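Here's the structure we're looking at; comments come further down.
Read the figures in this text as sums done on the coordinates, not as results from a lab. Everything numeric here is computed off the predicted structure, so don't read it as measured data. No Cβ is skipped: glycine too gets one built from the backbone with ideal geometry, and neighbour counts run over all protein chains shown.
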Amino acid sequence: MNDTLTMDQVRAAQDNDIAATTAVIEATESRVVRLAEKAARRMSNGGDTYMNMRDEFEQVGRIAVWESVSRFNGDTVDSFFGFIYSTVEAALLDAVRDERNGGAGADHNAVKTFASMLEMADGDVFLAEKLAQTVPPAGQRLSADRANAARLSWQGSSSLDVPTRQSQWAESDYSFKTGGTQGGTVAEALESPYGVPDDLVTSGDISREESRVKHAVVTSILEVMGQNQRDVIRHSFGIGGVTFYGHGAAGDDEGLAEELGLTVAQVRPARSKGLKAFAKRYVKTVEASDPERAEAMALAAAKNLSAGGRK
C-alpha cells in the first residue's frame, strides 16, 4: 500500500483532477508493473516474447487503473487499493486469455502436433515447443510462430480435442495410442514419417528417420537449458559444428573455458549439472514410447554421471 495517497486525492481523481489522477497512477504503478510481469510469465519464460507481453500488459494495467477510479465507492484508501488491484488482475487475466485463445492464432493441426511433442517432453511445454519445430517429419514441423501459438493455445484452453497425457506416444508414427487403439491425433496428419508410402519404407528409411529424430531431440533439449550448461555440453561433444574440446581426462577444459569466457571452475560444474539435467529430459522423451529402454538409460546415466563413475 502507498501511505502518501489520501482519500481527498482519490475523490479529486474521480472528479478528473489532473494532479490527483497523477498521484493515483504513481501510487499504483509499482504494483501494476509486478502484476504485468506475472501475467507475462504465464505467456513465456523469457526472451522477446516475455518482454513484449510485459510491456503490453503494463499498458493494460494502467488503463484498468484509469478506468476503474471513477467506479470506486468505498471510503478508505486501503479499500481503494484493494478495488484497483483486483480490477487490474481481472483485466490482465482477460488479456492473457485473449492472447492465448485468440491472439495466438493456433490452428488445430498445430495444436495436435504440439500435443504429441508434449507427451514426448513429459509435460514440459517449453521443450515441447522446441520439439515441434524439429522432430516431426519434413512438411509437418511447425514454424517458431506456429509452435509458440500452439503452446499458448494449449495452456489457455480448458477443453481441446486433443489426447490427454495418459495416452501413450508411439514414436514410430508420431501418434497416440490408448488401450492399444489408434487415437485420432497427429497420425491423421502424418501419413508416413519417412517421406514415402508406408508399403515402400525400407530399413534404411527407418534408420535415417530415427537418427534425425535423435538429433532433433538433442538440439531441442539443449535449447531450453541454461546458456552456460548448453554451451559447455555442445563444446564438450562437438554438437552443432562447434569446436570439440572433449571432456574428462582427455578433455581440454582450459581451452573450452577460454573460448566461452568462463573459468575452469565454472566449466566443470556446468558440464556435470548440465549432463544430469540433459539426461533426465532425454530419458523422459524415450520413456513415453519405450519405458524399458528409458529405465536402462536412466540407470546407465546414474552410473556414468556419478562422482566416481562418469565416463
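Can you give the FRET efficiency to the nearest 0.05 for A19 and R141, using r as the Cβ-Cβ distance and R₀ = 51 Å? So the FRET efficiency works out to roughly 0.35. If you plug the beta carbon distance of T243 and I63 into 1/(1 + (r/R0)^6) with R0 = 51 Å, you get a FRET efficiency near 0.50.
Say the cut-off is 22 Å between C-alpha atoms; which of K214/K280; K38/K273; K38/K280; K38/K276; K112/K276; K38/K112 go over it?
On the way: K214/K280 15 Å; K38/K273 28 Å; K38/K280 28 Å; K38/K276 30 Å; K112/K276 30 Å; K38/K112 28 Å.
Violating the 22 Å Cα-Cα cut-off are K38/K273; K38/K280; K38/K276; K112/K276; K38/K112.
Using the alpha carbons of the range 27-69, what is the convex hull volume per residue in cubic angstrom, as a whole number? Don't skip to the end; give the middle numbers.
On the way: hull volume 2.3 nm³, N = 43.
So the per-residue hull volume is 54 Å³.
Each label point was placed 7 Å from the Cα along the Cα-to-Cβ direction; for T6 and N73 their separation is 2.6 nm.
Of the peptides 274-280, 12-18, how do they stack up when ordered by the mean number of other Cβ atoms within 10 Å, highest first? Each step should come with its number before you reach the end.
Working: 274-280: 17.7, 12-18: 14.3.
Packing proxy ranking, top to bottom: 274-280, 12-18.
Placing dummy labels 7 Å off each Cα toward the beta-carbon, the span from K38 to T263 is 3.9 nm. Here the simple spin-label model places points 7 Å from the Cα toward Cβ, and for S86 and A250 these points are separated by 6.7 nm. Shown in residue order for the range 65-81 are the 3J(HN,Hα) couplings computed by the Karplus curve 6.51 cos²θ - 1.76 cosθ + 1.60 at θ = phi - 60°: 5, 4, 6, 8, 4, 5, 8, 6, 10, x, 9, 9, 5, 4, 5, 5, 4 Hz (x for Gly and Pro).
Hey, can you rank 61-73, 118-130 by average C-beta count inside 10 Å, highest first? List each step's numbers first, then the result.
Working: 61-73: 16.6, 118-130: 21.6.
Per-residue mean Cβ counts within 10 Å order the peptides as 118-130, 61-73.
Counted over the range 219-281 with a bin width of 5 Å, the fraction of Cα pairs per bin, in whole percents, is 4, 20, 34, 26, 13, 2.
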